[in-house]
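The values are calculated or read from the model by the stated rules, or taken from the named source; none is laboratory data. Just so we're clear, the structure is a prediction, and the values are computed from it rather than from any experiment. Virtual Cβ from ideal backbone geometry, glycine too; neighbours counted across all protein chains shown.
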């Protein structure tokens, strides 16, 4: 299927999702407390079967879901995306026991997942992680000085350090945590662990952010983990992280496209109705040309997102480059479109409760999380020089 062409069934599904988001999800989102996990909203996503689709759909379907939900209810979109981001490593790299324990609960919306990669000193440079996974005395040749309560498993570690700007923290039920198991090894010495929230020594706090998402910190004070908690292989956790991000980066772009389209549609309606200078706003050439530019950029970003998602689904060789391009173009475009929509609406768009006021607060973060725009440019350049023949 060409990346720029959707089948009628896909188009119909997107329309259905937009309607469901407006009718059933937005009311629950409005009842939620900003900055905290909205469990009724997540449960409704489960009842609608959307969370289960995180594990049965391809990248393009994920993008279509995120774009459709973002258009009508950004909180529902974010809740869905965070469940996928936190649980995808379990789906892709977990043991049968790990999958059986957590994925059904994530799918039904009764368990909240989180992806714990960023740290106070390691945001964009994920390979510089400082959270330490140190061998527990109980797994060495020497007997432990005192009994250590850890899960069964031949290898045992203690996690010590911090995570910061973690979505759904500290209210998630489990975390996909990336920690350094081999000092000085860079990306090659990181391991992914599945850490339930009730592990001793794990605490956290909420952060008050510009966007209304639940985001917080995590503190690890000798948190016990074992071989049974490893996702993938020891010292290969960076692959788990990058594989997850390659899937979700295009869909971050889809989130941005959904917001851009909502802002564009609001602007079309406003400029067609607003009286100004003896006519409608749309009659001013400067306004009409600006709206045309907004539409042009939104459609271009959408096509880039669909192309990157299709490349992922087809296991193309240039997925990292396409994923970075899609996220970069779409998030930068959404920032432009939403900001321009605010300008064309005037002061009314700055009032609390206005759609554009909400989108203005929402649209800024995607240019930073899951790799800032500057990081995406670095990835693109690296891939271009490493694989100049791949187009």
Listed residues 92, 114, 76; which is within 22 Å of residue 212 (Cβ to Cβ), in contact (Cβ under 8 Å) with a residue 60 or more places away in the chain and either in the same structural domain as residue 17 (by TED's automatic domain parsing) or in contact with a helix residue (DSSP H, G or I) (Cβ under 7 Å, 6 or more places away or on another chain) (or both)?
114
Taking the condition under 25 Å from residue 307 (Cα atoms), out of contact with any helix residue (DSSP H, G or I) (no Cβ under 8 Å at 6 or more places or on another chain) and in the same structural domain as residue 88 (by TED's automatic domain parsing), does residue 12 pass?
yes
Considering segment 39-61 alone, what residues qualify as being touching a residue at least 60 places away in the same chain (Cβ under 8 Å), more than 16 Å from residue 20 (Cα to Cα) and surrounded by 20 or more Cβ atoms within 10 Å (Cβ to Cβ)?
59, 60
I need a count of the residues in segment 263-297 that are under 19 Å from residue 67 (Cα atoms) and in contact with a strand residue (DSSP E or B) (Cβ under 7 Å, 6 or more places away or on another chain).
0
Please go through segment 263-289 and give me each residue that is under 11 Å from residue 345 (Cβ atoms), over 36 Å from the mean Cα position of the chain (by Cα) and in a helix (DSSP H, G or I), ordered by number.
281
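Is it true that residue 201 is touching a helix residue (DSSP H, G or I) at 6+ places or on another chain (Cβ under 7 Å) and surrounded by fewer than 19 Cβ atoms within 10 Å (Cβ to Cβ)?
Details: touching a helix residue (DSSP H, G or I) at 6+ places or on another chain (Cβ under 7 Å): no; surrounded by fewer than 19 Cβ atoms within 10 Å (Cβ to Cβ): yes.
Taking the combined requirement at face value, the residue does not satisfy it.
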Note on segment 366-378: residues surrounded by fewer than 19 Cβ atoms within 10 Å (Cβ to Cβ) and in a helix (DSSP H, G or I) are 373, 374, 375, 377, 378
